[in-house]
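Presented below is the structure to which this report refers.
Just so it is clear, none of the values below were taken in a lab; they were calculated from the coordinates. The shown structure was predicted, so the numbers you read here are calculated from the model rather than taken from an experiment. In this analysis, Cβ positions are derived from the backbone assuming ideal geometry, glycine residues included, and neighbour counts consider all displayed protein chains.
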Amino acid sequence: MKKWKINQADEGKVREFSRKCDLAPLTLKVMLSRGYDDFDKLVDFFKTAEIADPFSIKDMDKAAAAVNRAIDDYELICVYGDYDCDGVTATSILFSYLQNIGANVMYYIPEREEGYGMNIAAIDSLAEQGVKLIVTVDNGISAIHEADHIYDLGMKLVVTDHHQPLDTLPKAEAVVDPHRHDCPSEYKDLAGAGVALKLCAALNDGDIETMIEQYSDICSLGTVADIVPLTGENRTIVKQGLLYMKNTENPGLDYLMEKAGVRREELSSGSIGFQLAPRINASGRFGSPITAVKALLAEDPDEAVIYVDELIKLNDTRRSTESDITKAIMHYIDSHPETLYRRVLVLAGNGWHHGVIGIVAARLLEKYSKPVILISIGKDGFARGSARSVKGFNIFECLCYAGDLLDHFGGHECAGGLTIETKKIPEFSKRVFEFAAKFDIMPAATVDCDLLIKPEDITLDNIKGLKTLEPFGAENPDPVFAIAGARVDNVIALSQGKHTKLDIKYGTASFSALMFGTSPEESGAKTGDIIDLAVRLDINVYNNRESVSAKVVDLRPHGLNQDRYFNAKDCYEKFKLGEELPKPFLQKIYPERSELVAVYKALGGFKKITSDELYMRLRSKELNYCKLRIIIDAFVQTGLAVYTASDDRISLLPVTGKVDLMSAQVLTDLKNMM
């Protein structure tokens, strides 16, 4: 279960703004709930932002001059990229443009094993091949030592990047990065592909419109995939890119959309994020990023098919590897349930593919609502880790707290990476737990709802109106609506139980709510339940008939006191870890025999049930979540039930004899503490 944060819209301003524009009322409510409470600010959001003159970025003129000199002298230029989707697309854009204007150009992208950014071995190899000018895309801003080496070898460097610079900039003919402190450009949030696009425009006398026409489809791939804010110029690039992408003339992209099952009439930023970008990223994770570059650069459709088919295979391998790692972790958690009592999950495994542990960490964060650090142990005595966190628990600060144990680390509030000697992992784990213990109550994963929607707001016109907010992405997410007190009229299994459809009645509104990847048994919903929902709304078309549909983000019983739940859950974890709890609270979590009997009877009505769902169905003022978990522990310890920690499932076992519940170790420990 996640915490819900529900924003509100000023109804007075909704009425005021509706007299000034033709936006649907629900769209206005969403925008006001997101802070667009000034009409001019609202208008600015919907304006198609002009792509600023590329020369407004510091050093862009110097970069264009340096590249043009190399072109005129027919010197060998190397476009040096990165192995993720942003780096691949940035490389493809700049290389394609330079090749088309007759430059002597090659490209280089390091394999994942080489690490991010420039490296000395690659630079030496490029020098041996006769490269005279290296132009970085999506990297280079922190390559101080590597830049010096480039000049020692008699080559020159142009840096184009979008990451935060260090105090010292690398030696170069030009350093183009909107995040430079002395850069006057107004828009700072371009992806690496966006900066590369602007360099192409600068090389073409500042003609950004031609570059948008030629490369915005590829640029939108990198922009969405890199999760930069879809505001301002990025919003314009992606909107234009999606239009061109529907009828793209790029054979590789065209075939990739076909193989990924993209429906062009419904093409969106979600199509990029969930269908296209993962397949491009798979090349850098399980093969070579060069495969993705060749797919995007192929001019012959038959050649494009070869490279795209390889991307599809690599993505299948990525999925399989993710599944194998996840299964191993689930098995470990079932054998060591105490793992889940920790405020941060720190897990290590031999040979876990470091290209996917970040993805698995994100999935575990979603499942357990806790920060996660996964560490892949190598054969050389070193291990590489990937971390994901929730807002409010800064994982980068956590890594800094253990920084003396790490060889390398970096990141920000919600994600990070690290390299560590294998022998130091146990001490690192302790240090992480120490840092987490500083919080009185750990920040929880949240569902941010734009507003509590009313039944009368759920209309086809209102939901169609939300399309004006697209493309959705970072800082402009797909709206999520809270629904309070809806009735479940039916629970229907889809795809042989893989998914669930709920028929919902909400006041005057009726609609279907889909739960993907969730079976009816796992949904937590029964016919007749009164529930609260967090949903994304859409239009379903069947037999030319339109109807409202919803995708469930979260579900819980109506009227749940979430603060009470999370406080009690935090106390249960403290209790299991042996931390001191106030004696008055210990008395509140010690169960009466009648409560043990009531929980046992309730469990008898289910083949399997999660502790969360059981808590929701038993709801009482006396039975807090901590007490319920202690009762479940007592059942498990006395052989009355079995509990699998990885999926939080409890089921009763056949009774073979008389059981003294009060002799359970958990109750003995609790009584001693009292």
Positive-end residue of Gly416, Ile530, Ala65, charge dipole of the chain with Cβ unit charges: Ile530
Full-stretch length increase - Lys526, Thr656 - with 0.36 nm per residue and alpha-carbon distance subtracted: 43.7 nm
Give me, ordered by chain and number, the residues 5 or more places off Ala174 or on other chains with an amide H under 5 Å from its own placed amide H. Val159
Per residue, how much space in cubic angstrom lies within the convex hull of the C-alpha atoms of segment 114-250? 132 Å³
Amide hydrogen neighbours beyond the local backbone of Trp352, cut-off 5 Å, H modeled: Ile377
Segments 208-216, 5-13 sorted - mean Cβ within 10 Å per residue, highest first: 208-216, 5-13
More than 20 Å apart - percent of Cα-Cα pairs taken over segment 344-440: 26 percent
Where a Cα-Cα gap under 19 Å defines reach, which lysines qualify for Lys259, not counting those fewer than 8 residues away within the same chain? Lys246, Lys294, Lys313
re the chain: pairs of Cα atoms spaced beyond 36 Å account for a percent value of 48 percent
Suppose a student asked you for the relative contact order of the chain, using Cα pairs under 8 Å spaced at least 6 residues apart; what percent would you report? 10 percent
What number of lysine-lysine pairs in segment 562-673 show an alpha-carbon separation below 12 angstrom, given a sequence spacing of 8 or more or placement on distinct chains? 5
Between helix 625-637 and the chain, what is the angle of the helix's C-alpha long axis to the longest principal axis, kept within 0 to 90° and rounded to the nearest 10? 70 degrees
Helix 85-100 axis, angle to the chain major axis (alpha carbon atoms, nearest 10°): 20 degrees
What lysines sit close enough to Lys20 to cross-link, taking a C-alpha to C-alpha distance under 16 Å and skipping anything fewer than 8 places away on the same chain? Lys29, Lys41, Lys47
Where does each of 189-197, 598-606, 355-363 land if you order them by average Cβ count within 10 Å, highest first? 189-197, 355-363, 598-606
Dividing the surface of the Cα convex hull of segment 1-139 by four yields a projected area in nm² of 14.2 nm²
What does the helix-only formula give at 222 nm for the chain: each DSSP H stretch with n ≥ 4 adding -39500 (n - 2.57), the total divided by the residues, and the result rounded to the nearest 500 deg cm²/dmol? -13000 deg cm²/dmol
What lysines sit close enough to Lys198 to cross-link, taking a C-alpha to C-alpha distance under 19 Å and skipping anything fewer than 8 places away on the same chain? Lys58, Lys62, Lys188, Lys239
re segment 418-574: pairs of Cα atoms spaced beyond 23 Å account for a percent value of 52 percent
Restricting to Cα pairs below 8 Å that are 6+ residues apart, what does the relative contact order work out to for segment 242-368? Please round to a whole percent. 24 percent
Quick calc, segment 251-404, dipole around Cα centre from Cβ unit charges on Lys, Arg (+) and Asp, Glu (-), nearest 20 debye, gives 740 debye
What percent antiparallel are the DSSP beta bridges of the chain, to the nearest 5? 65 percent
What ratio of Cα Rg to 2.2 N^0.38 Å holds for segment 54-312? 0.93
Helix 208-225: angle to the longest alpha-carbon principal axis of the chain, degrees 0 to 90, nearest 10? 30 degrees
Percentage relative contact order, segment 162-269, counting C-alpha pairs under 8 Å, at least six apart: 21 percent
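In debye, nearest 20: dipole of the chain around its Cα centre with unit charges on the Cβ of K, R (+) and D, E (-)? Provide the component values of the computation, followed by the final result.
On the way: 78 positive and 99 negative charges, 809 e Å.
The dipole magnitude comes to about 3880 debye.
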So how long is each side of segment 562-673 along the principal axes, counting just the alpha-carbon atoms, biggest first, in Å? 37, 30, 27
Mean Cβ count within 10 Å, highest first, over the residues of peptides 581-594, 394-407, 88-101, 495-508: 88-101, 394-407, 495-508, 581-594
